Amino acid sequence: MQREVICIQCPRGCLLNVEFDEVKILAVHGNRCRRGIGYAEEEIYHPTRTLTTTVRVRGGVYAVIPVKTIKPIPKERIGQAMQEISSLIVSAPIESGQVIIKDLVGLGIAVIATRRLTEAN
Amino acid sequence: MQKRKVDLVVIGGGPAGLAAALAADEEKVQNIVLIERDIELGGILHQCIHNGFGLHYFGEELTGPEYAQRFIDWVAETKIEIKTNTMVLEIAAKGQEKWVYAVNRTDGMVIYQTKAVVLAMGCRERTREAIRIPGSRPAGIFTAGTVQRYINIEGYLPGKKVLILGSGDIGLIMARRMTLEGSQVLGVLEIMPYSNGLTRNIVQCLEDYQIPLLLSHTVVQIHGFERIEGVTIARVDANLVPIPGTERYQAVDTLLLSVGLIPENELTRMAEIGLDKVTGGALVNQNRETSIPGIFACGNVLQVHDLVDYVTEEANLAGRAAARYIDSQRVQGEQIEISPGNNVRYVIPQKIQEPITDPIDFYFRVTEPMSVGEIQFWVGKEEIYRTKKKFLKPAEMIRITVSFTNWEKMIQVGKLSVVIKEVS
Ligand SMILES: Cc1cc2nc3c(=O)[nH]c(=O)nc-3n(C[C@H](O)[C@H](O)[C@H](O)COP(=O)(O)OP(=O)(O)OC[C@H]3O[C@@H](n4cnc5c(N)ncnc54)[C@H](O)[C@@H]3O)c2cc1C
Ligand code: SF4
C-alpha cells in the first residue's frame, strides 16, 4: 500500500511518500531526516491526537467548559469520544484540572477541565 | 468623578497585560493597576481551547485557558490591583504627566494620574467590510473568532453547512472545531497560493477530517437575503484577480471569515502616539516604548503575533522597561532608525534609542515564503550582522537577538536597515 503523509515533527513539513503493508513500513521517500521514518510509522499504524472540546455546564457563568484528554487518544476513536463527551452535563463550580470523565470510551484515559468555572449568581 | 494617583496603569488583561504587570511588580513598582473590560482576566486565550500554547515559554503543551490561568494565578499572589468589567475610554499625556480615564458600574468614571502606561489591548478581526465581497448582507457571515467564542464559551453552534474564507490558524482551528461539533465544513478557501497557517494545523485540522484546502481561491459573491444561502467561489490568477469561467456556486448556511487581525489602537490614536502603517501598531524603540516617553506597548496591540509565547516575552520586556522609566523618569536620547529592506515586511522595534540596552530582540516578517534566507543588518554601506534562517514564511514571525559592538558608528549614521537575501 502507499500513502502520503506530511511530517510535522519540525517546521520543514516534508511530504512523505510511504509504502507499507499490514505490519511494517517498506519504504519512506521524501523525508529530509530520520525522524520522518518514525513519524510515518506512528501516523500509519497508531495515529493519536489530544482531543480538546467543551462539555455542557449547569449553573455556571458560561454554558460550557473547555476540556482535554490528558493523553493523546487513537485518532479513530475521536468520533466516539466526542459522542460520550457531548452527552454529558456537569454542574458548576468546576476547578481547572478537575476530572470530568475518568475513563473515556474505555481507553483508560481521563478527560479534565482546562479552566475554572464559577457559579452564576 | 474619582481621581487617583498611581505608578503604572496596564490596559488590557490578556497575556500581554498580565505579563507586563507581573514584570513591573517583580521590579518593585508599587501601585500597579491592571484594567480589563471583560468580566475576567485572560483575554482571547479563554476561547482558544485547543492545545499547542506554551511550548517555547513553559516547554509543555497547554491549552489557551491553561496558559492564561498560570498568569492569572501569579497576579493573584501579588498586590497588583485588578479592575475587571472596566473600560478605558481615553488616555492623555502632557509632559511627564499621563492620565487614564476608565469607567465601570461601581466606581463610575475614575481618572488615574500615572507615571507610566502599558498598552496591551490586543487586536480584533478584519470583517467582511475590510475585504469588500460583493453581494447582499444576510445573516450567517461571521468572523472565525466570533464563532470560536460562540462555540467554546457560550456553547452554541451557529451553522451546519460551512465554508471558511482564509487559511490563517484561526480559520483552520475552527474548521476542525465545527466538524467535531457536527457541522459539515465544505472547505477552506485561500486567495494566496500558499496557506497562512502552521503545517501542523493543516494536517491536524484539515487532513484529519478530509476538509479540502483550496489555494488561489476566493469568494466573489454572496447569495441570500435574510440568511446566507450560498456563495460563488472562483479561482484567482497570480495578481489575485478572479479568473472568468472558474466561478462555481456552493450552497452554505454559514461563511466564516479568517482574513486577518488588526491591532486595536483607538486609544493609541487618541493620545496621538505615532503608528506604523504596516503593523497597525505603535512605533516603538527597543524597550517597546512609544513616541510618548513612559507609554509602552506589547502583545497584539503592537503587532499581530502568531505565538502567545512571544507575546509574553515582549510583555516582560515592556513591563521591565516601564519599571526603569518609573524609577528614573529619564528622557529619550539619540536614536537610530530601523528600516525594513528587501523581502522584509516590517521590523519591531522601529528605532533604537539611547540609553542603549544590550542585546536587542528583533521581531520581523518576510514578504514571501523562502526556503533559506540570509538576514543582514546594514549601517550605511557596512554590513554589521548576518545570520541564516530556514523555512521563512510570512505567517511565521522571525525573532532574533543581536548584540552590537559599534554603537558610536550606528548613532553617527542614524540608520540601520534589515534585509533578507534568498539563498539557493
Ligand atoms: C480569535 C483569535 C484566536 C486566536 N487564536 C490563537 C491561537 O490559537 N494560538 C495563538 O498562539 N494565538 C492565537 N491568537 C493570537 C492571540 O491573540 C495572542 O497569542 C494573544 O492572546 C495576544 O495577547 P494580548 O494580551 O496581546 O491580547 P488579548 O488576548 O486580545 O487581550 C487584550 C485584552 O485587552 C482588553 N481590552 C481591549 N481594549 C480595552 C479597553 N479599552 N479597556 C479595557 N480592556 C481592554 C480585551 O478585553 C482583552 O482582554 C488568536 C487571536 C484571536 C483574535
Ligand atoms: S522528515 Fe525530518 S526534516 Fe522532514 S519534517 Fe520530518 S523531522 Fe522535519
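The values are calculated or read from the model by the stated rules, or taken from the named source; none is laboratory data. This is a predicted model, so every value here is computed, not measured. Cβ: placed from backbone, ideal geometry, glycine included. Neighbour counts: every protein chain shown. Note: accessible area is taken over every heavy atom of the protein model, side chains too, but ligands, DNA and RNA are not part of it. Shrake-Rupley method; radii C 1.70, N 1.55, O 1.52, S 1.80 Å.
Between B:ASP358 and B:ARG227, the modelled labels are 6.5 nm apart [label points 7 Å from Cα along Cα→Cβ].
Ignoring aspartates and glutamates fewer than eight residues from A:LYS102 along the same chain, the ones with Cα atoms less than 13 angstrom from its Cα are A:GLU84. Of the solvent-accessible surface of region B:219-350, computed with a 1.4 Å probe over protein heavy atoms with every protein chain present, carbon and sulfur atoms account for 50 percent. Summarising the label geometry, the points placed 7 Å from Cα in the beta-carbon direction at A:ALA110 and B:LEU89 lie 4.9 nm from one another. Per-residue Karplus couplings for region B:235-240, computed as 6.51 cos²θ - 1.76 cosθ + 1.60 with θ equal to phi - 60°, are listed in order as 7, 10, 8, 4, 8, 6 Hz, Gly and Pro entered as x. For the residues B:HIS223, B:HIS305, a 1.4 Å probe over the protein chains yields an accessible-area ranking, largest first, of B:HIS223, B:HIS305. Rolling a 1.4 Å probe over the protein heavy atoms of region A:52-113, with every protein chain left in place, gives an accessible area that is 51 percent carbon and sulfur. Between rounded, prolate and oblate, where does region A:2-46 land on the alpha carbon gyration tensor, with a ≥ b ≥ c its root eigenvalues, rounded for a/c under 1.5, else prolate if a/b exceeds b/c? Prolate, because a/c is 1.5 or more and a/b exceeds b/c. Less than 5 angstrom separates the built amide H of B:ALA139 from those of B:ARG227, B:ILE228, all sequence-distant by 5 or more or on a different chain.
A simple spin-label model places the labels of A:GLN9 and B:GLN184 3.9 nm from each other, with each point 7 Å out along Cα-to-Cβ.
Annotation: B:THR246 carries an accessible surface of approximately 40 Å², with a 1.4 Å probe and no ligand, DNA or RNA atoms counted. Excluding ligands, DNA and RNA, the accessible surface per residue across the protein assembly as shown is 45 Å² with a 1.4 Å probe.
Residues of region A:41-63 whose accessible area (probe 1.4 Å, heavy atoms of protein chains only) drops by at least 40 Å² once all protein chains are present, relative to their chain alone: A:ARG49, A:THR52, A:THR54, A:TYR62. Contact-buried residues of region B:180-226, at a threshold of 10 Å² lost accessible area versus the chain by itself: B:LEU180, B:GLU181, B:THR199, B:ARG200, B:VAL203, B:GLN204, B:GLU207, B:ASP208, B:TYR209 (1.4 Å probe; DNA, RNA and ligands ignored). Amide hydrogen proximity for A:ILE73: with H placed 1.01 Å from N in the peptide plane, the residues at 5 or more positions away or on another chain lying under 5 Å are A:ARG49, A:THR50, A:LEU51.
Springs join every pair of Cα atoms under 10 Å in this Gaussian network model of chain B, and among B:SER183, B:SER371, B:SER216 the largest mean-square fluctuation is at B:SER371. 3J(HN,Hα) along region B:261-266: 10, 10, x, 8, 10, 4 Hz, from the Karplus curve 6.51 cos²θ - 1.76 cosθ + 1.60 with θ = phi - 60°, whole Hz, x for Gly and Pro. Applying a length cut-off of 15 Å (Cα extent along the axis) and a mean Kyte-Doolittle floor of 0.5 to the DSSP H helices of chain B leaves B:15-26, B:169-180.
Loop only per DSSP, at most 13 neighbouring Cβ atoms within 10 Å: give me the trypsin sites (Lys or Arg not before Pro) in region B:320-424, ordered by residue number. Listed in order of number, the matching sites are B:ARG330, B:LYS381. Backbone amide hydrogens, once placed in the peptide plane, bring B:HIS50 within less than 5 Å of B:GLY64, excluding anything fewer than 5 places away on its chain.
DSSP beta bridges confined to region B:127-259 are antiparallel in about 40 percent of cases. Which entries of B:LYS5/B:LYS28; B:LYS79/B:LYS115; B:LYS5/B:LYS351; B:LYS28/B:LYS115; B:LYS5/B:LYS94; B:LYS83/B:LYS115 have Cα-Cα distances beyond 23 Å here? From B:LYS5/B:LYS28; B:LYS79/B:LYS115; B:LYS5/B:LYS351; B:LYS28/B:LYS115; B:LYS5/B:LYS94; B:LYS83/B:LYS115, over 23 Å: B:LYS5/B:LYS351. Within 10 Å of the Cβ of each residue in B:57-64, the mean number of Cβ atoms contributed by other protein chains is 2.
Rounded if a/c is under 1.5, else prolate if a/b beats b/c, else oblate: with a ≥ b ≥ c from the C-alpha gyration tensor eigenvalues square-rooted, which is region B:127-259? Note, shape of region B:127-259 comes out oblate. Interface between chains B and A: roughly 2400 Å² of accessible area buried, both sides summed (probe 1.4 Å, protein heavy atoms only).
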